[in-house]
1. Among the residues of the range 192-210, what is the count of those that are open to solvent by less than 100 Å² (accessible area, probe 1.4 Å) and either in contact (Cβ under 8 Å) with a residue 24 or more places away in the chain or within 21 Å of V4 (Cα to Cα) (or both)?
2. Report every pair of residues separated by at least 6 positions or lying on different chains whose Cβ atoms are under 6 Å apart, first residue within the range 1-27 and over 16 Å from G154 (Cβ atoms), second outside any strand (DSSP E or B) and open to solvent by less than 60 Å² (accessible area, probe 1.4 Å).
3. What residue, of V4, V23, is closer than 23 Å to M184 by Cα, open to solvent by less than 60 Å² (accessible area, probe 1.4 Å) and part of a helix (DSSP H, G or I)?
4. In the list V164, V155, which residue meets the criterion of being more than 26 Å from L113 (Cα to Cα) and in contact with a Leu (Cβ under 7 Å, 6 or more places away or on another chain)?
5. May I ask you to say which residue of G118, G129, G109 is more than 20 Å from M184 (Cβ to Cβ) and touching a helix residue (DSSP H, G or I) at 6+ places or on another chain (Cβ under 6 Å)?
6. List the number of the failed condition for V146; all other conditions in (1) among the hydrophobic types (A, V, I, L, M, F, W, C); (2) more than 26 Å from M1 (Cβ to Cβ); (3) touching a residue at least 40 places away in the same chain (Cβ under 8 Å) hold.
7. Give the residues of the range 94-135 that are closer than 19 Å to V36 by Cβ, outside any strand (DSSP E or B) and in contact with a Pro (Cβ under 9 Å, 6 or more places away or on another chain), sorted by residue number.
8. Open to solvent by less than 30 Å² (accessible area, probe 1.4 Å) and over 27 Å from V185 (Cα atoms) - does that describe any residue in the range 133-155?
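The values are calculated or read from the model by the stated rules, or taken from the named source; none is laboratory data. No experiment lies behind these values; they were computed from the predicted model shown. Because the Cβ atoms are built from the backbone with ideal geometry, glycine has one as well, and the counts that use them run over all protein chains shown. Just so you know, the surface numbers come from the protein's heavy atoms only, side chains and all, with ligands and any DNA or RNA stripped out. Shrake-Rupley method; radii C 1.70, N 1.55, O 1.52, S 1.80 Å.
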Amino acid sequence: MKIVAINGSPRKNGNTALLLDAVRQEVEAAGVEFQVFQPGPNVHPCMACYNCLDTGSLRCVRKDDGVNDIIAACIEADGILLASPVYHSGMSGSMKCVVDRLMLAAGCGVNQLHHKVGGALCTLRRSGGSETYHQLLAAMDCMEMVLVTSDYWGVVHGAEPGEVLSDEEGMEVAKRLGRDMAWMVKVLSATKETLPPPAAGQRPMTNFIR
């Protein structure tokens with residue numbers, strides 16, 4: 001069993017990385033593998049070329065920034081955790097690029113993400129946390145994923161690297177999310193033979209303007 005986390009921060013050892021390290025400890029203590037991808041600032045945006053859909057490749061046509069490795073890991077994983085710093089009341093630009101390409105390549109054809117466990121966290125200096133947290137959840141919500149939450153919104157405060165550790169409540173919220181995600185991954189694994197998931201079908205695509 002494995003949870004893949006995507007760190008949307010361009011900072012190598014910033015607050016988002018520290019937050020995910022705390023989550024890692026909880027997940028691994030529960031006996032679930034935890035892997036973090038940090039694509040960094042040099043990620044290409046989605047071009048809406050639909051090559052991934054037209055070919056069914058489950059890969060993006062852009063191959064030089066590591067996003068295809070993230071897509072493949074998410075397809076294989078049991079759970080996905082999206083974590084991003086807050087940039088002007090939203091997720092970071094690099095996280096947006098990854099999420100757009102991941103959801104299109106892996107989720108919008110034959111959905112490879114349905115019934116995977118999903119969770120979200122964000123770090124911020126002052127405000128915009130709720131908006132960013134719900135953006136991250138919304139990306140997974142439309143992929144038919146099983147969303148797991150903690151006992152409060154996944155918003156943890158800290159500006160300079162290391163300050164996030166001083167938000168004791170936020171850190172505990174993140175740790176509990178790790179425990180809850182690990183638990184749900186194990187629940188789904190233990191029941192997959194006795195309680196198979198409902199069949200997933202292809203939904204019709206309807207444009208608003210015809």
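1. Of the residues in the range 192-210, 2 are open to solvent by less than 100 Å² (accessible area, probe 1.4 Å) and either in contact (Cβ under 8 Å) with a residue 24 or more places away in the chain or within 21 Å of V4 (Cα to Cα) (or both).
2. M1/V32; M1/V185; M1/S189; K2/A77; V4/A73; V4/C74; V4/A77; P10/G40
3. One residue alone meets the criteria, V23.
4. Details: V155 fails: more than 26 Å from L113 (Cα to Cα).
Matching residue, one of V164, V155: V164.
5. G109
6. Of the numbered conditions (1) among the hydrophobic types (A, V, I, L, M, F, W, C); (2) more than 26 Å from M1 (Cβ to Cβ); (3) touching a residue at least 40 places away in the same chain (Cβ under 8 Å), the odd one out for V146 is (2).
7. Within the range 94-135, S94, M95, K96, C97, V98, R101, T132 qualify.
8. no
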